[in-house]
There are 2 protein chains.
Amino acid sequence: MGKCVNHPDRETSYICMKHNYYLCDDCLECHDPDIYCKFRSSCPIHFISKKGFERSDNLPEQNRESDEKCTVVFKPEDKKISIVSGTNLLDAAQKADLYINASCNGKGSCGKCRLIIESGAVKTLKTSLLSTKEKEKGYVLACQATINEDIVVKIPEETIEKKLKAAGMGEAATKKLSGLVKKIEPIVEKVKLQLDLPTLDDTVSDLDRLKRALKKQGYDISKMSTNIRVMRQLTEAVRGENFKVAVSILWKKCSSEIVAVSPLNNTKESLGLAVDLGTTSIVVYVVDMDSGKILSAASGHNSQAACGDDVINRIVSSEKDGVKKLKKMAISTINNLTKRALASINFNHKQIENIVVSGNTTMIHLLLGIKANYIRREPYIPTVSEFPMIKAGEIGLKAAYYAGVFIMPGPASYVGGDIVSGILYTGFHLFEEITLFIDIGTNGEIVLGNDEFLMTAACSAGPAFEGGGIRWGMRAEDGAIEKISLNPETFEPDCQVIGNSKPRGICGSGMIDLLSEMLLKKVIGQDGKFRIETDHPRLTIFNDEPAFIIEYAKNIDSDEDIIFTHSDIKSLVLSKAAVYAGFSILVEQVGMDFSSIDKMIITGGFGQFLDIEKAITIGLLPDIDRDKFQYLGNSSIAGAYMALLSNTYRQQTISISNAMTYIDFSSNNAFMDEFTRAQFLPHTDENLFPDVFKKII
Amino acid sequence: MGKCVNHPDRETSYICMKHNYYLCDDCLECHDPDIYCKFRSSCPIHFISKKGFERSDNLPEQNRESDEKCTVVFKPEDKKISIVSGTNLLDAAQKADLYINASCNGKGSCGKCRLIIESGAVKTLKTSLLSTKEKEKGYVLACQATINEDIVVKIPEETIEKKLKAAGMGEAATKKLSGLVKKIEPIVEKVKLQLDLPTLDDTVSDLDRLKRALKKQGYDISKMSTNIRVMRQLTEAVRGENFKVAVSILWKKCSSEIVAVSPLNNTKESLGLAVDLGTTSIVVYVVDMDSGKILSAASGHNSQAACGDDVINRIVSSEKDGVKKLKKMAISTINNLTKRALASINFNHKQIENIVVSGNTTMIHLLLGIKANYIRREPYIPTVSEFPMIKAGEIGLKAAYYAGVFIMPGPASYVGGDIVSGILYTGFHLFEEITLFIDIGTNGEIVLGNDEFLMTAACSAGPAFEGGGIRWGMRAEDGAIEKISLNPETFEPDCQVIGNSKPRGICGSGMIDLLSEMLLKKVIGQDGKFRIETDHPRLTIFNDEPAFIIEYAKNIDSDEDIIFTHSDIKSLVLSKAAVYAGFSILVEQVGMDFSSIDKMIITGGFGQFLDIEKAITIGLLPDIDRDKFQYLGNSSIAGAYMALLSNTYRQQTISISNAMTYIDFSSNNAFMDEFTRAQFLPHTDENLFPDVFKKII
């Protein structure tokens, strides 16, 4: 028993498991932070419910968290945090807002979360992913280490997330997008009004006075409501500049809401925020809502990456630690990017009144704190497809509290709003030409259709194209090899590295180049196995299997060569086979073959750097007329931008989403057959890749 | 400078003036308690804004609150609280949830907040409202005392608020109201549904599945939205009982919102709460939404009474201490009453899904935390008249978070939703008969009209009828003299006391009886002055003026006689004159006189105990045919009950409010003239009170 923190006169047995304080029944039941929840709201885990509280009399002593604290200093930034003894090192890093690579979400299987203990010691689990040499140097896998004393930890170069090479940004983007929206229709409209001054003969309330002025301007006030926040600000707002006001009206599906009123002289330009919420990376555009001009942009890694590379790992993580944790990570990434974008143009986040978020179904669920558990379980049902208008403050986005957040609708669990946004941008749903659209990111989503039909499917490309599961694989960041050609005689690689720095690994487009080059130069065969002599200077043995040396350790001041192993080749082949099988089956389902395709659109962060010819060589893309291929950068952000400015486009995304027919491949035998046939370079069927076979034979 | 409590790595200069902790810019700007506001939300004063935070570098040392604590024990309940040295004793009592009488809102002028210091000492200001004898006994006025050390305080019998004699409650009420509502249309409708089970061939989202089922049942889903809370609970809710669910739909003006979804087996009966939010007292009814039956009721004092008796004092208090304080008081009174009402029938507050609140314009503004500042300033403009649908959780009412709260619309600053509710109940707006309706509570609101017109006005009756400003005046609580007759010879009073206990004072109906009896028995003249000899045993001198002794001190084990002074008579005469002038002018404004009145309805907690004949005798009510008078109990709660059960009635209240024409008396010369003429017993014009003059001459 103890005293309620809010009511010292009340004895209660409910204790917070996390913070060791007591709350009485009233405080536990109450929803209003003004009334009872003084301290309760400081514990996110039981903000809404009794969850997290236990009767102290039922509580075995050892269940209470230890109070012993340890200090952790993270170098090179010298970030210092205090944590409870027994905390996992990866969790500690997250607590310090240091989001480090952890592709496998703490399973200890990816070996990415490598940190160096500089002083103090941690308790670690066994791992084969670190060499003896590395262990001697103090390397640990953060996810496998437990902190029991004060430590100093260094985050080595390779573990720090570098700047992403983001697609479709800057001046060029603005130019490309300008002209796409003819008439600007914001989500939150700002209306400037002079209200009638009140007199003894005209004593209608402030709100009625406001509505009367809106009606005079032609607004339909019969479907217009407001909320408690506005009513609380209204009294002072209308009198701030003698009844001259700016009114913000949020337009919803079939009604509108007055969401803010301020004195006219307090009013600043209204901004919009377009967000592409990718599994790997997040892009934001800050847009002037009057002109439609993109004022600023920023991109960065989704800090959820610390909970796994792909959507399945993210869902698993949300099931384990609660969806709130993942929500918080996504929100804080977006907020940090917004802050960065705004800082460069000197605007305040409260000016953001319009937001559009485009993302895949899992990302959107996690962003909103909606459980995604059944997305990964047959029959793969999302909780929401078409979202009601949300306010930024309800989910914690850095913007005006009342900013309207439009979420791109997504037709299925594995084909989401980002694809709908891409279709909106490319516009092929409006034309007769048969188009095959693919977004190769962490997932591979395919759409086939024209103005009469839209078929869609998703194939589990796996994380290989993003560097996952590949010994030296990495994302398209600074230090990634993005282009490779091999000397036909010596097989010596000629590499192009992002940021023109020393290579730190190899990204998706680099791997495709490498595989294609190895195939054409006969380093490997069509079965993906090495054909060159085992004593060739470019060949080595790693973990009992052959591996191709891309860069020698000595050239990059490292202890280890950058290599591409036989297992890496197999992973890549499986990934490309899944994508190709996806294309084939979708085309087959509508009774067509690849010759019927008029246009093939490739989008996604990855697509930007893809060498089409080489992608065809390895059998990732079909061997059709090269002129039919069209690269588009990040079509998800482009569609989000369009929806931000136009209600017509917002409504169009709903029509697109509703028109899409989803084909599930997971239980499709034809897909499995085609998948097997495609696990060859380029394919088991020569007739499908006539051009490629001419080159390799 | 200090470290942000949420981000220990950030230095910041913003310090909370109240709790002495630091917050960084991000935390100050953020709205989402999940993200940044860990500790901030524990300070109500700066939950929403930077208010209450100061840059610590700008802060003079002496501005920070002293940390020195004192303990105060309140007897007889032995409530113990810890407060900061320097706290006012009245504030301390409020902090301990002890709402004691303080009619003048801490000005030190009403002398009601009498407490006895049993141990320790307080610093007090001079007051003439306590006798030397009382001071010797340790009496202080709480509002004039400052605590600087540990003290024990006793709340004497006369300062404790007793149970109100509330009107229109219990079995009788239910009977009276049953049958008023033919078809129950709740604010939040509960629909039971079996959704289609998801399969690989039917993979629509949970929300779309739910909407599809609603559509099948005939609901218009095109105007139906939902919110983030529901989306977050939906995943588990639909799967809790294999897609059998109960859905709660909140009906708004022109759209609807899915506000809750739960597994069908978790569903309990839906309850409604009707609230009459009076300035003095608050009444709640708990209603079964299926049958319309009133299951339970409770009433009690509005704890805002500690901030003054009338609406003007409440507004002044809200301007001084912030509207949140007053909001909190009203909400917690309602919540405590609800808790009490529910406890008696063993229901949970989360079953309350429907709420209607009826109250005057000021009470409603303060309840919702809306500033009422301009209600008391010419030209007397309220902020809101017609309220949007609110959710209980948004304002902290003890109910389901999503419970729909319908606020009775009020046509003017001084004629509010309680009057509209009364009209709805009496129904005279639907008939041809000319009706004069009056609610005499803390304010006096008058409506004149029929099915063709509704004119309304308010007269400042003053607090006298509720016991304010009267030496021994009190509310209609236990111990109040509610009926008096005088022996024609000895003038010895025959008193009826509420609760049949010893008298503690006199309430409104008792005062009217007393005044009428004194006039008829010639203790006083028509001018209100005493006519009996100064040495009469029933006459005494108090503060240099004559006073009538109602009860001798010795009979009630007291130090003082219960008396009625010449000033008390004057106050009462002013009050009755204001009400009568109000009637006269309103009737005159529409070109009628009292003979045109077909019906006179008297309502309000006060009205219940009013002796019509005696009220006419003193000139409070017009001297018309007694058969035209009709007593109705608490018509505000009755109308709230009707609106709770019927959308037709809810819409009717809006029509009533819009149809009412408000006449302002504050700048009306005719009113001032009539007010002056009415300051006589019963009136200066004999022709207006023929029956009364027959009796007194």
Expected single match for assigned to a strand (DSSP E or B), of a type outside the set (Ser, Thr, Tyr) and in contact (Cβ under 8 Å) with a residue 60 or more places away in the chain among B:616, B:602 is B:602
Flagged in segment B:664-688 as assigned to a helix (DSSP H, G or I) and either surrounded by 19 or more Cβ atoms within 10 Å (Cβ to Cβ) or not polar (S, T, N, Q) (or both), in numbering order, are B:670, B:671, B:672, B:673, B:674, B:675, B:677, B:686, B:688
Quick count over segment B:126-153, residues being among the basic types (Lys, Arg) and modelled with pLDDT of 85 or more, is 2
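Each row is one residue, and each column tells you yes or no for (1) over 32 Å from the mean Cα position of the chain (by Cα); (2) in the same structural domain as residue B:493 (by TED's automatic domain parsing).
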| position | (1), (2) |
| --- | --- |
| B:532 | yes, yes |
| B:538 | yes, yes |
| B:550 | no, yes |
| B:586 | no, no |
| B:593 | yes, no |
| B:604 | no, no |
| B:616 | no, no |
| B:622 | no, no |
Original post:
Residues in segment A:501-513: is at least one buried (at least 19 other Cβ atoms within 10 Å of the Cβ) and among the hydroxyl-bearing types (Ser, Thr, Tyr)?
Top reply: yes
The residue from B:398, B:391 that alone is over 25 Å from residue B:679 (Cα atoms), out of contact with any Gly (no Cβ under 9 Å at 6 or more places or on another chain) and either surrounded by 24 or more Cβ atoms within 10 Å (Cβ to Cβ) or basic (Lys, Arg) (or both) is B:398
Is segment A:651-663 home to any residue that is assigned to a loop (DSSP other than H, G, I, E, B) and either hydrophobic (A, V, I, L, M, F, W, C) or surrounded by fewer than 17 Cβ atoms within 10 Å (Cβ to Cβ) (or both)? yes
Of the residues that make up segment B:638-647, is at least one crowded, with 22+ Cβ neighbours inside 10 Å and more than 30 Å from residue B:187 (Cβ to Cβ)? no
Those residues of segment A:414-449 that are of a type in the set (S, T, N, Q), within 15 Å of the chain's Cα centre (by Cα) and modelled with pLDDT of 95 or more come to a total of 1
Scanning segment B:422-473 residue by residue, the ones that are within 20 Å of residue B:314 (Cβ to Cβ), of a type in the set (S, T, N, Q) and in contact with a Ser or Thr (Cβ under 8 Å, 6 or more places away or on another chain) total 2
Open item on the list: Based on this model, can you work out whether residue A:691 counts as within 26 Å of residue A:589 (Cα to Cα), touching a residue at least 60 places away in the same chain (Cβ under 8 Å) and not in a helix (DSSP H, G or I)?
Closed with: no
Sole miss for residue B:239 among (1) within 14 Å of chain A (Cβ to nearest Cβ); (2) surrounded by 18 or more Cβ atoms within 10 Å (Cβ to Cβ); (3) out of contact with any Ser or Thr (no Cβ under 6 Å at 6 or more places or on another chain) is condition (2)
Those residues of segment B:192-210 which are more than 9 Å from chain A (Cβ to nearest Cβ) and surrounded by 15 or more Cβ atoms within 10 Å (Cβ to Cβ) amount to B:193, B:195, B:210
The correct count of residues that are within 9 Å of another protein chain (Cβ to nearest Cβ), over 18 Å from residue A:330 (Cα atoms) and in a loop (DSSP other than H, G, I, E, B) in segment A:370-383 is 6
Residues in segment B:564-577: is at least one modelled with pLDDT under 90 and surrounded by fewer than 21 Cβ atoms within 10 Å (Cβ to Cβ)? no
Within segment A:630-656, residues being among the small types (Gly, Ala, Ser), more than 17 Å from residue A:603 (Cβ to Cβ) and touching a residue at least 12 places away in the same chain (Cβ under 8 Å) number 1
Per the filter on segment B:253-267, residues surrounded by fewer than 18 Cβ atoms within 10 Å (Cβ to Cβ), more than 7 Å from every other protein chain (Cβ to nearest Cβ) and over 18 Å from residue B:194 (Cβ atoms) are none
From the option list A:419, A:438, single residue qualifying as surrounded by 24 or more Cβ atoms within 10 Å (Cβ to Cβ), more than 10 Å from chain B (Cβ to nearest Cβ), more than 27 Å from residue B:206 (Cβ to Cβ) and touching a residue at least 12 places away in the same chain (Cβ under 8 Å) is A:438
Exception for residue B:349 within (1) more than 27 Å from residue B:183 (Cα to Cα); (2) touching a Lys or Arg at 6+ places or on another chain (Cβ under 6 Å); (3) not acidic (Asp, Glu) falls at (1)
Matching residues in segment A:623-646 (outside any helix (DSSP H, G or I) and in contact with a strand residue (DSSP E or B) (Cβ under 8 Å, 6 or more places away or on another chain)) number 7
Taking segment A:354-369 and keeping only residues that are more than 9 Å from chain B (Cβ to nearest Cβ) and of a type in the set (A, V, I, L, M, F, W, C), one is left with A:355, A:356, A:357, A:363, A:364, A:366, A:367
Residue count, segment B:202-250, condition of a type in the set (Lys, Arg) and under 26 Å from residue A:396 (Cβ atoms), comes to 2
Item to complete: Within segment A:504-512, identify whether any single residue is modelled with pLDDT of 95 or more, in a strand (DSSP E or B) and touching a strand residue (DSSP E or B) at 6+ places or on another chain (Cβ under 9 Å), and answer yes or no.
Response: no
Matching residues in segment B:344-353 (under 30 Å from residue B:314 (Cβ atoms) and within 12 Å of chain A (Cβ to nearest Cβ)) number 1
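The values are calculated or read from the model by the stated rules, or taken from the named source; none is laboratory data. All figures in this text were calculated on a predicted structure; none of them were measured in a lab. Every residue, glycine as well, gets a Cβ built from its backbone with ideal geometry; the counts of neighbours run over all protein chains shown.
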